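Contents: one structure, followed by commentary.
The values are calculated or read from the model by the stated rules, or taken from the named source; none is laboratory data. The shown structure was predicted, so the numbers you read here are calculated from the model rather than taken from an experiment. All Cβ positions, glycine included, derive from the backbone under ideal geometry; neighbour counts span all protein chains shown.
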Amino acid sequence: MKMKKTTCIRAIAVLALGVFIAVGMMGCKKQDGNTVKVGLLHSLTGPMAISEMSVRDAEILAIEEINRAGGVLGKQIVYVEEDGASVPSTFATKAEKLVGQDKVATVFGCWTSSSRKAVKSIFEDYDSLLWYPVQYEGMEQSPNIIYTGAAPNQQIVPAIEYLIEQGYSKFFLLGSDYVFPRTANMIIRAQVRSAGLDVVGEEYAAMDQTDFAAIISKIEAARPDIIVNTLNGTGNVSFFKQMSEKNYDASRYMTMSFSIAEEEVAAIGANILKDHLVSWNYYQTTNTPENANFVAAYKAKFGANRVTSDPAEAAYCGVYLWKAAVEMAGSFDVDKVLAAIRTGNISFQAPEGRVVIDATNQHLSKPVRIGRVATNGLIDEIHATSGPVAPDPYLATYAWAVSAGIRPLE
């Protein structure tokens, strides 16, 4: 009996030790010395998927190109993908998973300002890093976000300047009901009124709204000579198709849009959007050697009928700018990467032209391009700045903006 008891005690001890070791190993993050993980966080479902899928595709293209060229610091990039589902609270949940559970080195993601604001504090609390690829309303600066799309002085303000120069004087403001359109329209109201011109109407639509009959009636009553459009997602499809059903084209109601790029033109129809105006920093037709390579690679991977766009190009730039910052830092550590960015020496010869991360506000210097939708579904550049425009997210260099007290909206 004594022998059996001793044997039993030893067996229990060995088993307990094994359980202890197993639990300890479960608590350790498995490391693979040959790879580095990044997160992709976009709407793959919901009303914003029409726009965000192309952004996600461009990021994957950049990752694959970098991997073929040897990776980053000798490591191959692997991505963990999450679906924000066009819901800001879902973006927040998925962002916390990526940085808290998956321990990714960085995240590329979001589109709407609502989704960006939903995740902002998460990246700050975890001291992680988000690369945000879409033009936005400005009035924000975070130490944990790199803004690769346009600040308002790189899209909104020059677009209104162009319209005023062209003689437009009666502005109707139409947008989706969330942060970007409302802040953009606050900026536009101040700019238009400082020029002595009129805003004759301002309307907002829910993100999932499909019936625009009432808004179109208000446009008809206001009789504007230009509609400034900040609708996003599928709202653009519904609005322009319903305008077309009434035979309202660019000759009757010209629009200047800030969220319609080549992808949205394909969804709405070039026949409907022909001659309407847009403002971006890049088009598929942009004439640079880098863009010829980008467009060819994008179509080779995703199909000859696919089109590039400004947000897709900004997302593509983001991956390459992260690579440049990591290599300057010699580390994937976020604080070291940010220190490299804050030297002001992180740049990329992008399809749109050379872009540089501003050391103080972490936005990019970018050229501005006004475009007109062509019958082939592409966008022709009709006006451009002579070179990159420095980012001014708070419009601090514009007297009319300062005197108007333009402020961030939550």
Of the residues in segment 141-167, those that are surrounded by fewer than 19 Cβ atoms within 10 Å (Cβ to Cβ) and in contact with a strand residue (DSSP E or B) (Cβ under 6 Å, 6 or more places away or on another chain) come to Y162
If you go through segment 361-369 one residue at a time, do you hit one that is farther than 25 Å from A266 by Cα and exposed (fewer than 14 other Cβ atoms within 10 Å of the Cβ)?
no
Which numbered condition M328 misses (of (1) more than 18 Å from the chain's Cα centre (by Cα); (2) more than 19 Å from F108 (Cβ to Cβ); (3) not assigned by TED's automatic domain parsing to the domain that holds V265):
(2)
Give the residue that is surrounded by the fewest Cβ atoms within 10 Å (Cβ to Cβ), with candidates limited to residues of segment 78-114 that are without any contact (Cβ under 8 Å) to a residue 40 or more places away in the chain and under 23 Å from L338 (Cα atoms).
Q101
Selection count where residues are closer than 20 Å to L163 by Cα and surrounded by fewer than 17 Cβ atoms within 10 Å (Cβ to Cβ), scope segment 388-400
2
Condition (residue is in a helix (DSSP H, G or I), polar (S, T, N, Q) and surrounded by fewer than 16 Cβ atoms within 10 Å (Cβ to Cβ)) applied to segment 202-222: is it met by at least one residue?
yes
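Per-residue answers, yes or no, for (1) more than 16 Å from W131 (Cα to Cα); (2) modelled with pLDDT under 95; (3) more than 18 Å from the chain's Cα centre (by Cα):
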position	(1), (2), (3)
V334	no, no, yes
I341	no, no, yes
I346	no, no, yes
P351	yes, no, no
V355	no, no, no
A359	no, no, yes
R369	yes, no, no
T375	yes, no, yes
E381	yes, no, yes
Those helices (runs of 4 or more DSSP H) completely within segment 309-410 that have 1 or more residues that are within 30 Å of G39 (Cβ to Cβ) and touching a helix residue (DSSP H, G or I) at 6+ places or on another chain (Cβ under 6 Å) are 310-329, 334-341
Filtering segment 122-140 down to residues that are closer than 25 Å to A206 by Cα and surrounded by fewer than 24 Cβ atoms within 10 Å (Cβ to Cβ) yields M139, E140
Considering L73, L61, which residue is in contact with a Phe, Trp or Tyr (Cβ under 8 Å, 6 or more places away or on another chain), under 30 Å from G269 (Cα atoms) and either surrounded by fewer than 22 Cβ atoms within 10 Å (Cβ to Cβ) or among the charged types (D, E, K, R) (or both)?
L61
Among the residues in segment 173-185, are any touching a residue at least 12 places away in the same chain (Cβ under 8 Å), buried (at least 24 other Cβ atoms within 10 Å of the Cβ), assigned by TED's automatic domain parsing to the domain that holds S259 and β-branched (V, I, T)?
yes
From T308, T343, T285, residue being in contact (Cβ under 8 Å) with a residue 24 or more places away in the chain, of a type in the set (V, I, T) and surrounded by fewer than 20 Cβ atoms within 10 Å (Cβ to Cβ):
T285
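Just checking, which of S128, S113, S142 is touching a Lys or Arg at 6+ places or on another chain (Cβ under 7 Å) and not assigned by TED's automatic domain parsing to the domain that holds P224?
S142
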Can you name the condition, by its number, that R252 falls short on among (1) more than 15 Å from G175 (Cβ to Cβ); (2) among the basic types (K, R); (3) assigned to a helix (DSSP H, G or I)?
(3)
